[in-house]
1. Can you list residue pairs whose Cβ atoms sit under 9 Å apart, with the first residue in the range B:246-269 being touching a residue at least 40 places away in the same chain (Cβ under 8 Å) and the second being among the acidic types (Asp, Glu) and assigned to a strand (DSSP E or B)? Count only pairs 6 or more apart in sequence or on different chains.
2. Any residue that is of a type outside the set (S, T, N, Q), crowded, with 19+ Cβ neighbours inside 10 Å and more than 7 Å from chain B (Cβ to nearest Cβ) - is there at least one of those in the range A:589-598?
3. In the range B:489-540, which residue that is within 14 Å of another protein chain (Cβ to nearest Cβ) and outside any loop (DSSP other than H, G, I, E, B) is surrounded by the fewest Cβ atoms within 10 Å (Cβ to Cβ)?
4. Of all helices (runs of 4 or more DSSP H) completely enclosed by the range B:270-383, which ones contain at least 2 residues that are within 14 Å of chain A (Cβ to nearest Cβ) and buried (at least 19 other Cβ atoms within 10 Å of the Cβ)?
5. Could we say that residue A:396 is at the interface with another protein chain (Cβ under 9 Å from one of its Cβ atoms), in a loop (DSSP other than H, G, I, E, B) and in contact (Cβ under 8 Å) with a residue 40 or more places away in the chain here?
6. How many residues does the range A:355-393 hold that are outside any helix (DSSP H, G or I), over 17 Å from residue A:580 (Cα atoms) and at the interface with chain B (Cβ under 9 Å from one of its Cβ atoms)?
7. For the range B:102-204, give me every one of the helices (runs of 4 or more DSSP H) that falls completely inside it and has 1 or more residues that are touching a Leu at 6+ places or on another chain (Cβ under 9 Å).
8. Which numbered condition in (1) crowded, with 19+ Cβ neighbours inside 10 Å; (2) touching a Lys or Arg at 6+ places or on another chain (Cβ under 9 Å) is the only one that residue A:234 fails?
Amino acid sequence: MEAPGATCLRSGIRICAVLFVTNNSLRRKLEKLSTFVSVTASPWMEVAIKVAILIQICLPSVVKSNNGVEETRKWRCQVSCTAQNIMEFAELIKTPRVDGVVLHRPFMPTVEGTLCLTGHHLILSSRQDNTEELWLLHANIDSIEKRFIGSLGTIIVKCKDLRVIQLDIPGMEECLNIASSIEALSTLDSVSLMYPFFYRPLFEVIEDGWQLFVPEEAFKDLESMTDEWRLSEVNKDFSVCPSYPSLLTVPKDIDDESLCKAASFRHGGRFPVLSYYHKKNGMVMMRAAQPLTGTNGRRCKEDEKLINATLCAGKRGYIIDTRTIAVAQQAKARGGGFEQEANYPQWRRIHKAIERSNVLQESLIKLVEACNDQSHSMDRWLSKLEASNWQSHVKEILTTACLAAQCIDREGASVLVHGTEGTDSTLQVTSLAQIILDPACRTIRGFEALIEREWLQAGHPFQQRCAQSAYSNGKPRSEAPVFLLFLDCVWQILRQFPCSFQFNENFLIMLFEHTYASQFGTFLGNSVGERVKLQLSQKTVSLWSWVNRPQEMERFLNPLYEPNNLVIWPSVAPQSLLLWEGVFLRWNRSTKCLDEAYQEMVHIIEYNKELQNKVNSLRRQLAQLETEDNPLQTP
Amino acid sequence: MIVCDITAFPKEIQVKDPAALSAARRPYGESLQMTGGAITLQAPEVWWSEMEHIRMPKVENVRLVDRSYSRRTQVGTLYLTATHTIFVGKGSEDRNELWVLHSLVCNVVKHKASQSGYPLLIHCKNFQVIQFIIPQESDCHDVYISLSRLSRPEKYEELYCFSFNPNVDKAEREHSWDFLDLKAEFSRMGLPNKMWHITPINREYRVCDTYPADLFVPKSVTLPVIVGSSKFRSRGRFPTLSYYCKENHATICRSSQPLSGFSARCLEDEQMLQAIMKSNPGSRFMYVVDTRPKLNAMANRAAGKGYENEDNYCNIKFQFIGIENIHVMRNSQQKLIEVSALRSPSMGEFLLGLENSDWLRHIKSIMEAGIFISKAVAEEGVSVLVHCSDGWDRTAQVCSVASVLLDPYYRTIKGMMVLIEKDWVSFGHKFSHRCGHLDGEAKEVSPVIDQFLECVWQLMEQFPCAFEYNEKFLISIHNHVYSCHYGNFICNSQKERKDLRIKEKTHSIWPHLWENKLDFMNPLFKPEQSQNQGLLRPSTAPYCFKYWRRLYNRFDRELHPRQSELDCLMTIKEETQQLEEELALYEQKLAVLDKERAKTLYMQKGVLDSKQPLWSLPLDTTLANTPQDYLGGFMGGAPNVFTLQQGERESAELCLFGDKPKSSDADNSDQESGVADFSSHSSGEESLPSEDSGKDPDSDETGPNKA
């Protein structure tokens, strides 16, 4: 096989990539070259090698492509556009490669091989064809620990997906170098240095995920059901509310000017907008941020008018404040507050107790610590689990979401949900309520649309929230497992209604992983405005482009799925809520038996379908034969 | 059709064909299925004596309170019969009936009178809790007194199994007792063989009255050795074989504690152990496992009992495994039951309650003991002698858990039955005492077999494909251990059962369970799978031990998943079987047709693909569509739509505003809005009236749905 792109080879760029190429014949070829290069090494060569490290991920596509020329061009283009960053990475990687590194992972055999650091990955390969290689995104690394026994160094790598691995590295200096490189590379500040900007898919993008869920489409659906709403462009340049998208669904009778005024009365400009329209009875769920009443009880006519416009004549609505009344009272002192009864006589306010993000982060840290506790004492486990409060958060969030859904579906009332900023607990509640109420949200596409609508477009600050995970050492800034808690709640409902979701647990786990570290751009940035600035849709690949490919989708399909058009009311009793083992104990247990059980389930269902098809076709054959034979045969 | 003429029996039930009643709605569905429509009483003299205890055969206008939504009650009539408490709801078309066996009643409690009447709480041994509200105090008292007496029979003859008489003839009944054959089980293990044989020594229960008649001992031990050894063991329970591993000849033997005191020894007992060790030629030593905590065992020495001294016995390795005694276990389960019965607890209350009960810690210790023994036998090929104090509680648990881990046979339906029959029933687990079948010593009651069943359940969670049965099977066994419906779990030993002529007077549970085995099948069971071959190696990490909701909250329907993966897969499997049959039939037909019309064969080559509807899922839609009490009682209970159809739901909505509590919470400082702090809901719930009596004065104005 002739390696394409001979010019690049000559410039020495691809040499380091040799380590990661699994194709044996090609590797041998490149290895020869690499010896050659190392002999004639020059300063330019050094840089070139770093470039190669940086872009190594492009290599397989180059190699595998039939159309070598075009791919190579694409790749060179990539090199030029990232040239400015090369030196940054090059400086950070002091030791790009160490041999004789031993990798320890729980429940997996140890692997000895070569460790390589690239701009975005930590790679460990035994350089044998049949062994799995470890590819770890630096962005996935939450923290590391170093230990030394003599000259043997050990780095314990703790990942954001909660996995903990151990690398034994011979040589003190190498170990220190690797450790400091990992630390630096896993905490890069600049978004534009993130891997999604460098990643080029090895698959053909058939359906661009960036174009899948546009507000206009969602609005068309709404229009077909009601004409009470309009799409406002008031936030076109993100100036009215920086965390909102440019298009917002608002009551038809409220003009943009009123919206601006209402925005000035709400925290962060997040004025009430439509979140969900309940087709069954025309009730709606809206979300916003807290009103800025302050201590002197400020009011805003436009805000009142705006939310009243969503009520039918003579009807009342509910305001679900995700904070306790005490917390909401305290917020007044900082200029926030809640809707005063006197100014909103048509609304009844209910306070719930969903914790703020810093409390949630602490809870996650404690929970993961409990799960990783190696002591085999029953008491410690249960009290630590309890002390983490994680399950309490799950219960509280689910309860609030159920309450919102109950108001809409059972009480026939419209609901406005808000907490303080309207970007965290608010979104948990509005999105979960939709899963309970709307069967469409329980399909894969529908769930993606929900995440897009209620989380990405709605301005959940993913990048801030997911900057660190459970192993972070530093003081949390604005990290919080808000989205993970949402996924946990979805998982709880999925456990209780195992036949009502088109997706399975793997889908939720995959989403959890990608919010914390990903090759896709979907969860970068904190708002639509930021994403536009970063030009994510041009420069990165959408997660949905990958997920929605039939090959990938297969893994995420729930074999038990049967569309269920009913509202599904989960139990929120502590007895019914389980620890999400698939995430929190994922790396601490052998899943062999559980995997086998899952496979068996899939097998049972597939076999059933297969038989059905066979029986059907035989039935038809028989019918055909019998009608043909009819005059001849009378049984 | 109904043979008995019971004045206390509700008319409706007499004339009704019980088979037509929906069995699912009755927690005790099995009983009537078995009766085949007839309820007859075999021993009228006993029955009449029971009737004397019924002060009040029938009470009208009783309210049955739904435990999960205290505001949801059903009015009906309460009947007390000789064997059951029956509640028949009135009004609605699909009548709600509740049958509770007296033998399942654990205790009856009168509560303080409320506005609507006098509450009576019935706690059952299968963890059902029933709350009635009876309008008249005197009626309530009468029911209370009657039930208290009826649920605490003084004689075995009063137990339900002696009056329960399904329509089967005598031969069939006798046959039902032959369903399991322990001799066959031992021969399945490969016994007798050249090392082990059945000793006739206990044929008349003279050596040990709590042991079965047939016991396996090493061939090499003589009768005097057995007698000598039995004299050196508590209650004569000398070491005898429980499980034999054909592959490596290692055995699990069981006994009671030796009467060693501080220094006593017994040559025969030492010879006995030596013989057991020698009958496993592959090993040079054997383990002696004392399942008690070391401290307990040491304390026993002062009473002339104790444990084996390693110096006196050749080649034994002695090991303590700290499983707590029956009293600790009883208290632990009591705490667990309290936690499981908490109404809308917070997460913290539940988890801390679970922890404080220590229940899962005990389960873990039993499991660890089982693992130790199973590994010794399977991996080391070393025989093990297990004992505790008397050798009928912890020893039974540990031996049977080890057996399940060791031998895939015990993971089948039949094997599980055999195991219980062998290690529990025949070896003299004191069912009557431990389950409190008769009125008596409360201190003898302990959930020993519950713990064994739970260990199996915990294993099922870890090895979903390894068991032929599902958890319904375990729950069913649990139910019948306590129900006294069948004779199997009556009395404390084989001898007592023989003396009582249990086999002649009662029926055996096992054929009944076997007949219903389709319900008990695990659809994921893969007998050929690698994980099911030989030894199971469960993890004992604390998080592997889970709360068994299906057992402890068995009757709280709203706590369980609304769609059951298990039911779903079972339906699919059933359908698959039908399809297979259909397919075979069609293929046969086609073959016939083909033969006849060989000429036109080529016409069939076109493949017809058709889109078939998927299996119909057994989704309980009414249940799925019932919201919970998400405001913890504040919402006035969830809308009462439990049995309503889709169309009727809208009209059944309760008004949220109407049930707003008159809040005076301390932290409700928001006077202006008049809204209670809903975050503190769980604390305020108990004080709520059970009726819609606390209507807010402004409810008409605030309730948009009222009109």
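1. Short answer, once both residue conditions are applied: B:257/B:290.
2. no
3. B:530
4. Working: elements: B:294-302, B:326-340, B:347-357, B:359-375.
Here the list reads B:326-340, B:347-357, B:359-375.
5. On the way: at the interface with another protein chain (Cβ under 9 Å from one of its Cβ atoms): yes; in a loop (DSSP other than H, G, I, E, B): no; in contact (Cβ under 8 Å) with a residue 40 or more places away in the chain: yes.
The answer is no for residue A:396.
6. As a first pass, look at the range A:355-393 and keep what is outside any helix (DSSP H, G or I): A:355-356, A:373-377, A:389.
Within this subset, residues satisfying the condition of being over 17 Å from residue A:580 (Cα atoms) are A:355-356, A:374-377.
Right, trim to at the interface with chain B (Cβ under 9 Å from one of its Cβ atoms) and you get A:374-377.
Summing the residues that are outside any helix (DSSP H, G or I), over 17 Å from residue A:580 (Cα atoms) and at the interface with chain B (Cβ under 9 Å from one of its Cβ atoms) in the range A:355-393 gives 4.
7. Values: elements: B:137-150, B:160-163, B:170-177, B:182-189.
Once the helices (runs of 4 or more DSSP H) in the range B:102-204 are filtered for at least 1 residues that are touching a Leu at 6+ places or on another chain (Cβ under 9 Å), what remains is B:137-150, B:160-163, B:182-189.
8. It is condition (2) that residue A:234 fails.
Read-outs: derived from the displayed coordinates by stated rules, not from any lab. Keep in mind the model is a prediction, meaning the values are calculated, not measured. So basically every Cβ, Gly included, is an ideal-geometry build from the backbone, and we count neighbours across all protein chains shown.
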